[in-house]
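Asker: Here's a structure for you.
Only the coordinates and a few stated rules stand behind these numbers; no lab work does. All figures in this text were calculated on a predicted structure; none of them were measured in a lab. Glycine also receives a Cβ, built like all others from the backbone with ideal geometry; neighbour counts cover every protein chain displayed.
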């Protein structure tokens, strides 16, 4: 099994990442990655770009160094109703939207409130995935979150960087993977690269998915064609949201 899509990367625009879009794309090409998503942090994160940065992502070419570049965001969950730091009007313009908890944007709460926020976020038609949900600081009811992903056709992310920077996440990440397998929920795998050298780095994810014997059909990153098909269906879904049926 080999991943050719990286759904979670950060450029210098995030404020605490260190590579340009071109550097990220060049590194992706050198590693055989076929597609990657630029998911810089939403504006509630200190040092992150303003909203107009995301509106202007359209000027980035669709391909760089032969690599497909998806324009996205890692939006911040800012309350326990599941609101994000980016209006829907901006989210709907993007190819791929991750929504995540960060303790610098919201204080960790109870399992019930954390779960409620994630479940509500998954109902947002413009959100594609919950980012690094195994974060031990934000404990959730994993079964309920995965069920919400299943009901809303969304993804659960397994995040390679979490194993390095989010102490104690291993057990939660494994439980999320096992529950996704049980409920038939698709996962996305992100390097969460904050420097070009980490684009396409999935070593810890590979190990985890091998341990739980995750079926390849539930892993979105193994084929750019598979991911492209999802993006086409997402576009159709967004069009239905924007153009309600007439009676």
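Asker: What is the chain's relative contact order, in percent, from Cα pairs under 8 angstrom and six or more apart in sequence? Don't skip to the end; give the middle numbers.
Answerer: Details: 508 pairs, mean separation 52.1, N = 247.
It rounds to 21 percent for the chain.
Asker: Obtain the nm distance between the two label points defined at residue 226 and residue 60 by a simple spin-label model: each point lies 7 Å from its Cα along the Cα-to-C-beta direction.
Answerer: 2.3
Asker: Follow-up. Across bins of 5 angstrom width beginning at 0, how are the C-alpha pair distances of region 83-224 distributed, in whole percent?
Answerer: The percentages, shortest bin first, are 2, 10, 20, 24, 23, 15, 6, 1, 0.
Asker: Between region 133-173 and region 35-89, how many Å separate their Cα centres?
Answerer: Between the Cα centres of region 133-173 and region 35-89 lies a distance of 20 Å.
Asker: Provide the FRET efficiency to the nearest 0.05 for the residue 31-residue 109 pair, computing r from the beta carbons and using R0 = 41 Å.
Answerer: According to the calculation, E is roughly 0.60.
Asker: Right, another one. Quick one: give the max-minus-min coordinate of the C-alpha atoms of region 1-85 along each principal axis, largest first, in Å.
Answerer: Taking max minus min along each principal axis of the Cα atoms, region 1-85 gives 39, 29, 22 Å.
Asker: Ratio of Rg to Rh for region 48-156, alpha carbon only, Kirkwood? Show your work: numbers first, answer last.
Answerer: On the way: Rg = 14.5 Å, Rh = 14.5 Å.
Ratio value, two decimals: 1.00.
Asker: Based on DSSP H runs of at least 4 residues, each adding -39500 (n - 2.57), what is the mean residue ellipticity at 222 nm of the chain after dividing by all its residues, to the nearest 500 deg cm²/dmol? All intermediate terms of the calculation are to be shown ahead of the outcome.
Answerer: On the way: 9 runs with 88 residues, N = 247.
That calculation yields -10500 deg cm²/dmol at 222 nm.
Asker: Would you calculate the separation in nanometres between label points at residue 123 and residue 144, each defined as 7 Å from the Cα along the Cα-to-beta-carbon direction?
Answerer: 1.3
Asker: Could you work out, for region 169-231, what percent of all Cα-Cα pairs fall into each 10 Å distance bin, beginning at 0 Å and stopping at the bin that holds the largest distance?
Answerer: 20, 50, 28, 2
Asker: Treat the chain as a sphere of radius equal to its Kirkwood radius over Cα pairs and apply Stokes-Einstein at 25 °C in a medium of 0.890 mPa s; give the translational diffusion coefficient in µm²/s, rounded to a whole number. Please list the in-between numbers first.
Answerer: Numbers: Rh = 17.8 Å.
Result for D is 138 µm²/s.
Asker: Please order 51, 94 by the number of other Cβ within 10 Å, starting at the fewest.
Answerer: Values: 51 15, 94 22.
Going from sparsest to densest Cβ surroundings: 51, 94.
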